[in-house]
1. Looking at region 18-70, which of its residues are under 18 Å from the mean Cα position of the chain (by Cα), of a type in the set (A, V, I, L, M, F, W, C) and within 30 Å of residue 155 (Cα to Cα)?
2. Which pairs do you get when a residue that is surrounded by fewer than 18 Cβ atoms within 10 Å (Cβ to Cβ), found in region 259-283, comes within reach of a residue that is among the small types (Gly, Ala, Ser), reach meaning Cβ atoms under 7 angstrom, with the pair 6+ apart or on two chains?
3. Look at residue 198 and say whether it is in contact with a helix residue (DSSP H, G or I) (Cβ under 6 Å, 6 or more places away or on another chain), over 26 Å from residue 56 (Cα atoms) and either open to solvent by less than 30 Å² (accessible area, probe 1.4 Å) or modelled with pLDDT of 95 or more (or both).
4. Going by the conditions given, is residue 255 under 23 Å from residue 4 (Cα atoms), surrounded by 14 or more Cβ atoms within 10 Å (Cβ to Cβ) and of a type in the set (Val, Ile, Thr)?
5. Which condition number in (1) touching a Lys or Arg at 6+ places or on another chain (Cβ under 8 Å); (2) open to solvent by 10 Å² or more (accessible area, probe 1.4 Å); (3) part of a helix (DSSP H, G or I) is the one that residue 97 fails?
6. It is to be established whether one or more residues within region 13-20 are in a loop (DSSP other than H, G, I, E, B) and hydrophobic (A, V, I, L, M, F, W, C).
7. Specify which of the listed residues (139, 121, 125, 134) is of a type in the set (D, E, K, R), in a strand (DSSP E or B) and open to solvent by 40 Å² or more (accessible area, probe 1.4 Å).
8. What about residue 89, is it open to solvent by less than 50 Å² (accessible area, probe 1.4 Å), assigned to a helix (DSSP H, G or I) and either closer than 30 Å to residue 122 by Cβ or of a type in the set (Ser, Thr, Tyr) (or both)?
Amino acid sequence: MRPDGIDLNFQVLDVEETFFRMLRNKEFDVAELSMSSYCVTLGRENPGFIAIPVFPSRFFRHSCIFVSAKSGIEKPEDLVGKRIGVPEYQMTAPVWIRGILQDEYGIAPDSVTYVTGGEEEPGREEKLRLDLPERFRVEPIGPTQTLTRMLADGEIDALHTARAPSTFYSEPHNVRRLFPDFVNVEKAYYAKTGIFPIMHVVAIRREIYERHPWVAQSLLKAFSESQRHTYEQLRVSASLKTMLPWQIAAVEDTIATLGDSWWPYGIERNRNVIETFTRYHHEQGLSPRRLTVEEMFAPETFAEFRI
């Protein structure tokens, strides 16, 4: 669906590249952006972006806590006092993981040591400079080290990440998930909280938005229409729209668990999820105060026209 009044030039990139180029250099007028990184920018002077309530990525992250077989970790409480790898402390996935571990299992975010660096390649750094309270212990790994290798070798005890480490597949005897039955764990979490975690937002360069505020509503309308089309296509059994052989069964199970519109855009249906995230973000030292929903999104996107 084409947004009204906008001629888009799409570039399809891995999210790591998109985030790096948008956050460091503002290379795009509009881009998918890490929810956490976006919130970090809002705490800075003259924030460079304004978001619309479109969420290209959502993910239950219980499946993304990996542990070393050498760590002795068997249950969430065993994480206390351990060294935990994170590619970047401010990444959205670890923010959710730390928050969930705190709320559901009593694991305080400052009860462990965080070790940051490249997951598969050496040399990764935080995309944004952080000024964390002293109670959070964050240490960079060496210039030739990777978190994936360190996890398998037992040099770190666990890993909070968005991408499964390669050693989880190549060395299953050394690396495993903290929650092997993660689907049922995540369904139980949703049943209890009603939260389907948001990972990414769509952000507009603020100077573009300030010159043309109508682009926010135009983009939201186009994304919403595209999503309605996708919902319809995922239900079509005449010809599958993905390469998943049991796609229809997965869709039906998802509807039974999360409802017909299981991936909602907009403000009100996501307010609890967003407010939970901003609480985590502040509690983990990433924002100096708790952000409000109203300051995160373009005001034009809080309501839509009716006929």
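The values are calculated or read from the model by the stated rules, or taken from the named source; none is laboratory data. Small disclaimer: the values here were computed from a predicted structure and weren't measured. Note: ideal-geometry Cβ built from the backbone for every residue, glycine included; neighbour counts use all protein chains shown. Only protein heavy atoms, including side chains, enter the accessible area calculation; ligands, DNA and RNA are left aside. Shrake-Rupley method; radii C 1.70, N 1.55, O 1.52, S 1.80 Å.
1. Once the filter is applied, which keeps residues that are under 18 Å from the mean Cα position of the chain (by Cα), of a type in the set (A, V, I, L, M, F, W, C) and within 30 Å of residue 155 (Cα to Cα), region 18-70 yields 19, 20, 35, 40, 59, 60, 64, 65, 66.
2. Close Cβ pairs (under 7 Å, with a partner that is among the small types (Gly, Ala, Ser)) amount to 272/194.
3. On the way: in contact with a helix residue (DSSP H, G or I) (Cβ under 6 Å, 6 or more places away or on another chain): yes; over 26 Å from residue 56 (Cα atoms): no; either open to solvent by less than 30 Å² (accessible area, probe 1.4 Å) or modelled with pLDDT of 95 or more (or both): yes.
No.
4. Details: under 23 Å from residue 4 (Cα atoms): no; surrounded by 14 or more Cβ atoms within 10 Å (Cβ to Cβ): yes; of a type in the set (Val, Ile, Thr): yes.
No: the conditions fail for residue 255.
5. (2)
6. Narrowing region 13-20 to residues in a loop (DSSP other than H, G, I, E, B): 13-14.
Now drop any that are not hydrophobic (A, V, I, L, M, F, W, C), which leaves 13.
Checked against the condition, which is being in a loop (DSSP other than H, G, I, E, B) and hydrophobic (A, V, I, L, M, F, W, C), region 13-20 yields at least one hit.
7. Numbers: 121 fails: in a strand (DSSP E or B); 125 fails: in a strand (DSSP E or B); 134 fails: in a strand (DSSP E or B).
When all the criteria are applied, what remains is 139.
8. Numbers: open to solvent by less than 50 Å² (accessible area, probe 1.4 Å): yes; assigned to a helix (DSSP H, G or I): no; either closer than 30 Å to residue 122 by Cβ or of a type in the set (Ser, Thr, Tyr) (or both): yes.
So residue 89 does not fit the description; no.
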